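To start, the structure under review is shown below, and the notes come after it.
The values are calculated or read from the model by the stated rules, or taken from the named source; none is laboratory data. This structure is a prediction, so every number in the text was calculated from the model and none was measured. Cβ placement follows ideal geometry from the backbone for every residue including glycine, while neighbour counts extend to all protein chains displayed.
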Amino acid sequence: TAKNGPDVLADEERTHGADGKRGVVSYQPIGVIYSIQPWNFPLYQPTRVLAANLMTGNGCVLKHASICTGSGLRLRELCIEAGLPEDLFQVILIDHDTSDKLIEHPKVRGVTMTGSDGAGRHIGSVAAKSLKKTVLELGSNDAYLVLEDADIETAVKFSVMGRLYNNGETCVSAKRFIVADKVHDAFVDAFVTEMKKINMGDPTDENVQLGPLSSQDQFETVRDQVKESVDKGAKVLCGGEVPDRTGAYYPATVLSDLKPGMPAFDDEIFGPVASIIRAKDDEDAMRLANDSRYGLGGGIFSKDEDRALKLAKEHFDTGMIRINSFGAADPNMPFGGVKDSGYGREHGGFGMKEFANAKAIFLP
């Protein structure tokens, strides 16, 4: 942001009128941006909002998730130690009702929020009543397609990584694995074999690949989503059993035989649970991937990169697509989604302009 901000936000020369008179587009700050952030990346997520908006010239007020308020307060301390004027970034500890009132405050000019689609609907509607612009980065059940020509070893490697990254508590991570019938059995056998090898335990131990979930509440949510899916006919290929140990631990789990109406098919499971969905062929896989109310990220495994790129550009109804790889966010690429995964973009220069006033100045 520091490196690219001056160029991204520089005045643009335009012309206006039939005789091409001079016009200038100037990107100016709008004021205070209210940032509502979740617990799963408690320093990074507030920072990406703060960096973009400070560069634009806006102030920022952060309401962090209730289980990680200390991270928000520490971030402000670090900013002040680094020389940021004290009043440009504030952190407040308030409840949801007070938060709604803050959105309505005339000094707040925009609202950015990362969280669930349910919370996004509420915050978006409160902001809309006051005609405040919002950027909403919401949940997803991202589909990763394993096409008929996929390299199975590559697909399995990145699928395990993509499902277990941050203990599976990532909005833009691999959740639904839609596998073409031709390679279904080979992929599932190899994927389940690797998921069974995952060592769960203390996350500070370098030999551990999967730690506990963020809270007991989150553990219970994941447990109940799996149970409901199984009660409705889903098959557990590995995991799925609550371990007899202290802590919010849930094992690496793979579910199959999924159908609409099951949480593992329809909803976002924010934990280390993979949903396997069989597709008749590549075309059916693309249809199933898009058959979701969400659209944040996704992936395609195929040896034909040109074809995968064409599918990603022209057919995949989602905001971010990885081809033969996995990753969460990159500061040089836009981050955001479509449908119930929200709207607006962060990163990639786009975030700096979300809360800028693009002023059109007409010179004679």
Out of (1) of a type in the set (Gly, Ala, Ser); (2) in contact (Cβ under 8 Å) with a residue 24 or more places away in the chain; (3) closer than 30 Å to residue 164 by Cβ, the odd one out for residue 59 is which?
(3)
The lone condition residue 97 fails out of (1) over 30 Å from residue 305 (Cβ atoms); (2) part of a loop (DSSP other than H, G, I, E, B) is (2)
Does at least one position in segment 128-148 carry a residue that is under 30 Å from residue 174 (Cα atoms) and more than 22 Å from the chain's Cα centre (by Cα)?
yes
What are the residues in segment 320-342 that are small (Gly, Ala, Ser) and either within 20 Å of residue 139 (Cβ to Cβ) or not in a loop (DSSP other than H, G, I, E, B) (or both), if any?
327, 328, 329, 336, 337, 341, 342
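Hey, any hits in segment 273-284 for a residue that's loosely packed, with under 14 Cβ neighbours inside 10 Å, more than 22 Å from residue 161 (Cβ to Cβ) and in contact with a helix residue (DSSP H, G or I) (Cβ under 7 Å, 6 or more places away or on another chain)? Explain how you work it out, then say what you get.
Step one: filter segment 273-284 for residues loosely packed, with under 14 Cβ neighbours inside 10 Å, giving 280-281, 283.
Now restrict to residues that are more than 22 Å from residue 161 (Cβ to Cβ): 280-281, 283.
Restricting the remaining residues to those that are in contact with a helix residue (DSSP H, G or I) (Cβ under 7 Å, 6 or more places away or on another chain) gives 280-281.
The answer is yes; a qualifying residue exists.
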Do any residues in segment 141-157 that are aliphatic (A, V, I, L, M) have Cβ atoms under 6 Å from those of residues that are assigned to a loop (DSSP other than H, G, I, E, B), where the two are at least six apart or on different chains, and which pairs are they?
147/302; 150/302
Within segment 141-164, residues surrounded by fewer than 20 Cβ atoms within 10 Å (Cβ to Cβ) and in a loop (DSSP other than H, G, I, E, B) come out as 148, 149, 151
Considering only residues that are closer than 19 Å to residue 195 by Cβ and either at pLDDT below 95 or in contact with a helix residue (DSSP H, G or I) (Cβ under 9 Å, 6 or more places away or on another chain) (or both), which ones fall in segment 231-240?
234, 236, 237, 238, 239, 240
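Tell me yes or no: at least one residue of segment 209-219 is modelled with pLDDT of 95 or more and within 30 Å of residue 311 (Cα to Cα).
Applying the first criterion (modelled with pLDDT of 95 or more) to segment 209-219 yields 209-219.
Checking which are within 30 Å of residue 311 (Cα to Cα) leaves us with none.
Scanning segment 209-219, I find no residue that is modelled with pLDDT of 95 or more and within 30 Å of residue 311 (Cα to Cα), so the answer is no.
Could you please find all residues in segment 219-242 being touching a strand residue (DSSP E or B) at 6+ places or on another chain (Cβ under 7 Å) and not basic (Lys, Arg)? Full working, then the answer.
Applying the first criterion (touching a strand residue (DSSP E or B) at 6+ places or on another chain (Cβ under 7 Å)) to segment 219-242 yields 222, 226, 229-230, 234-240.
Answer for segment 219-242, where residues must be touching a strand residue (DSSP E or B) at 6+ places or on another chain (Cβ under 7 Å) and not basic (Lys, Arg): 222, 226, 229, 230, 234, 236, 237, 238, 239, 240.
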With the first residue restricted to segment 21-49 and required to be at positive phi, and the second required to be assigned to a strand (DSSP E or B), Cβ contacts under 8 Å at 6 or more apart or on different chains are 31/59; 31/108; 31/109; 31/110
Number of positions in segment 102-118 that are of a type outside the set (Ser, Thr, Tyr), surrounded by 12 or more Cβ atoms within 10 Å (Cβ to Cβ) and either assigned to a loop (DSSP other than H, G, I, E, B) or without any contact (Cβ under 8 Å) to a residue 60 or more places away in the chain (or both):
3
Can you pull out the residues in segment 98-123 that are closer than 17 Å to residue 355 by Cα and hydroxyl-bearing (Ser, Thr, Tyr)?
112, 114
Considering only segment 188-197, I want to know if a residue exists there that is surrounded by 12 or more Cβ atoms within 10 Å (Cβ to Cβ) and not in a helix (DSSP H, G or I).
no
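Kindly provide the set of residues from segment 125-140 that are in contact (Cβ under 8 Å) with a residue 12 or more places away in the chain and in a loop (DSSP other than H, G, I, E, B), ordered by number. I'd like the intermediate steps shown before the answer.
In the first step, residues of segment 125-140 are kept if they are in contact (Cβ under 8 Å) with a residue 12 or more places away in the chain; the result is 126-127, 129-130, 132-140.
If the condition is that a residue be in contact (Cβ under 8 Å) with a residue 12 or more places away in the chain and in a loop (DSSP other than H, G, I, E, B), then 130, 132, 138, 139, 140 are the ones that fit.
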Return only the number of the condition from (1) within 24 Å of residue 299 (Cα to Cα); (2) crowded, with 18+ Cβ neighbours inside 10 Å that residue 219 does not satisfy.
(1)
Residues of segment 204-225 satisfying the condition of being assigned to a loop (DSSP other than H, G, I, E, B) and within 22 Å of the chain's Cα centre (by Cα):
209, 211, 212, 213, 214, 215
Would you be able to say whether some residue in segment 79-86 is in contact with a helix residue (DSSP H, G or I) (Cβ under 9 Å, 6 or more places away or on another chain), part of a loop (DSSP other than H, G, I, E, B) and of a type in the set (A, V, I, L, M)?
yes
